[in-house]
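The values are calculated or read from the model by the stated rules, or taken from the named source; none is laboratory data. Keep in mind that what you see is a predicted model, and the values were worked out from it rather than measured. Here Cβ is always computed from backbone atoms with ideal geometry, including for glycine, and neighbour counts include all displayed protein chains. Just so you know, the surface numbers come from the protein's heavy atoms only, side chains and all, with ligands and any DNA or RNA stripped out. Shrake-Rupley method; radii C 1.70, N 1.55, O 1.52, S 1.80 Å.
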Amino acid sequence: MPTISCPHCGAKRNMPQEKLPARKVRARCPQCRQTFNFDPTDHLPHRNAAKTTTRSINCPYCSLPRELPIKRLPDNHATLTCRRCRRNFHLNQNQADPEPESTAPRKLISTGKLLTDSWELFWQRGWGLLGLYLLCFLLIFAPLALAALTAPKMIMNHPWLIWSCLLLGISYAVIGSAWITASMFHYIVDSSLGVKTALTLGWQHLWNFAGLLLLWFLLIAGGSLLLIIPGIIFTIWFLFCQYVLAEEGVGGLKALEKSRQLVRDYWWPVFGRFMLLMLITLTISNLAGRIPAIGNSINLVLSLLLTPFSLFYYYLLYEDLKRCPQRPSRDNSLNRTPLLLALCGWLLIPAVLLFANHQGDLSPRLSAGENRTILNKLFDAEEFPLAEFSDQSNPPPKRRPPEPLTQADYERLLAEKLLPENQQELSLGPATLSAEQFWADEKEPHLWLKLRLAELPNLALSPRRSARILIREVLDSAARNRYDHLHSFENPAFQWVDILSGGLQTEQLSGIRSVYLKQGTRLEQIRSISGCLEINLPLGIKTLQLDRADIGKKLKVAGKFLQLESFGKNRISLIFQGKLSEILSIQAVNRQHEALQDAGINWQQHGEKLTLSQMFSGEIDSVTILVASDSITRSYPFEITR
């Protein structure tokens, strides 16, 4: 039976004599999809008998076989080019025919030659691979980033839309990543492919690569959960599974097992070459990142170039492993040891969670005591101890009812309620301010400003929006401003101080404001901190009680319009025609009329329109909203010097 061989990829197929075409035709290889000229007369029995013997030539780099008639071979030394890897090698007509594949060297390619050959292959074909890599960012991550920036504004109040968009985004990322990954590996293993053909082949094998990538992740992540060592072993074992799928069309567990068998007798040499490339990559990235001003940009460019280079590096290592003799397996069944170890690793997660939950149920009193100790240290609990924690969960603090005060009443109280200052504190009317703690973080140095505030009537009704500290500058000894006003934690939302009551034995409120400084700032450099303390005092406080029957209604409170958009199990959303500072508090109770704790708030201000979503720690039965019709703001400039 004649054997037909593809001149591009070396794939072979036996064809019955009666099915051969009657004349010359253009044939297409079912594996690489490339076309070539096929002459059926070359495979007729009488022609084959009359022919001289052909010579089989194997590429010494990628092992691609090629049959050439003796009459076409050069008389002396000649240089041939492999059709797959496009690399040149020397052929000597006087030498004997190449030995079978089993005569390949037993030692892996040296690291120096591996790096040199990888660079040569990258320089020849790496730009197409880089184009595929950039296409991955353009088609996949750019739309996802755009959706992440725009979608939350439209779906914030619709939980089912949030989950739908999340699942849709994950599916899009998985499918797109599998497509580009398949295209890149097909492009690597077949040098005759262009970018367009590689994308077509990648789409045809998309689900095979998606399944293989999922199995690869589950095995390595599960092994890493078992004290990391199994994860490292699995990483080296399954390093070449994607090359196996792209070249041989074998996917799933068979591709993983094929990769493991290739590495089985050469684990340490492969691990050494793996660590060498990782060390080179980390060194280059670290050195590039230290370049002033342009270090991050250079690091980004180098990371884009190192990824295609690494793929060629492992491909040449994979081809070298195929030429090395392999110890025969005892049987042809898949090794299930990695599957069992990975399963044990994943089962550790629920086991640890159950154990931690059980321990938490056994010692609630200890956790509460630890929290109390920390808060006492922060807010001088030696003089003003916090209220004792109960054996059960912490109930929310009971707030005093609002008092109908006028602006004149506030002016009188501000003049009367002055806090005593000490050497470390700066007196600011009804408040004191001091620099408490400096955090010498290499990237985000910051310090704490501690605020102590007299407990004025109605001030504690809005503990998160009653006082804020605006920083103007933090000067060093050279009069340079070290204040990082562009830091993400220096936006207006973080300028407000969350004030806490000092306890039942004192009429004081306390809070901390974090001030972020520029990178490299040290404590001894700071000479002065200047800014302004603002105290917001509410006037004309009105109360509005809402339940699920009020959804969609447009209500008026304290001269402002308010509309309840949604009323969920533990979350409410509303639209308010006013400012955030005018909503003093939102308090919720359950069906037993027990107060619920705040669990977080999201809000967006668009001119005079405020969209707000408030979450609580339990199931909501009704909510009470305190709204101020007006407010007065008192400012206290300050400068703290060393």
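Got a number for carbon plus sulfur as a percent of the range 193-336's accessible area, 1.4 Å probe?
On the way: 4970 of 7350 Å².
C and S fraction of accessible area: 68 percent.
Give me the net charge of A342's neighbourhood, meaning all other residues with Cβ under 15 Å from the Cβ of A342; Lys, Arg count +1, Asp, Glu -1.
+1
Using 0.36 nm per residue of separation minus the Cα-Cα distance, give me the extension gain between F355 and R548 in nm, one decimal. Display every interim value, and only then the final one.
Details: separation 193, 0.36 × 193 = 69.48 nm, distance 3.87 nm.
Contour length minus Cα-Cα distance gives 65.6 nm.
What list of ³J(HN,Hα) values in whole Hz, one per residue of the range 246-261 in order, does the Karplus curve 6.51 cos²θ - 1.76 cosθ + 1.60 (θ = phi - 60°) give from phi, with Gly and Pro shown as x?
5, 8, 9, x, 9, x, x, 5, 5, 5, 5, 5, 4, 5, 5, 5
Can you send over the carbon and sulfur percentage of the accessible area for the range 532-642, probe radius 1.4 Å, protein chains only?
44
Measuring from label point to label point, each 7 Å out along Cα→Cβ, what is the E639 to W346 span in nm?
6.4
Residues with amide H under 5 Å of A11's amide H, sequence separation 5 or more or different chain, H placed in the peptide plane at 1.01 Å from N; which?
C6
Pull up all non-local amide H partners of I632: gap of 5 or more, or a different chain, and H-to-H distance under 5 Å with H placed in the peptide plane.
Amide H neighbours of I632: L537, L539.
Counting only the backbone N, which residues of the range 530-544 are under 20 Å from the spot 7 Å out from the Cα of T406 toward its beta-carbon?
From the range 530-544, the list is 537-542.
Enumerate the calculated ³J(HN,Hα) couplings along the range 558-569 in order (Karplus 6.51 cos²θ - 1.76 cosθ + 1.60, θ = phi - 60°), each rounded to whole Hz, writing x wherever the residue is Gly or Pro.
6, x, 10, 8, 9, 10, 7, 8, 8, 9, x, 5
Which ³J(HN,Hα) values, rounded to whole Hz and listed in residue order, are derived for the range 588-605 from phi using the Karplus coefficients 6.51, -1.76 and 1.60 in 6.51 cos²θ - 1.76 cosθ + 1.60 with θ = phi - 60°, glycine and proline given as x?
Listing the rounded values in order: 10, 10, 8, 5, 8, 6, 9, 5, 9, 7, 5, 10, x, 9, 10, 8, 9, 10 Hz.
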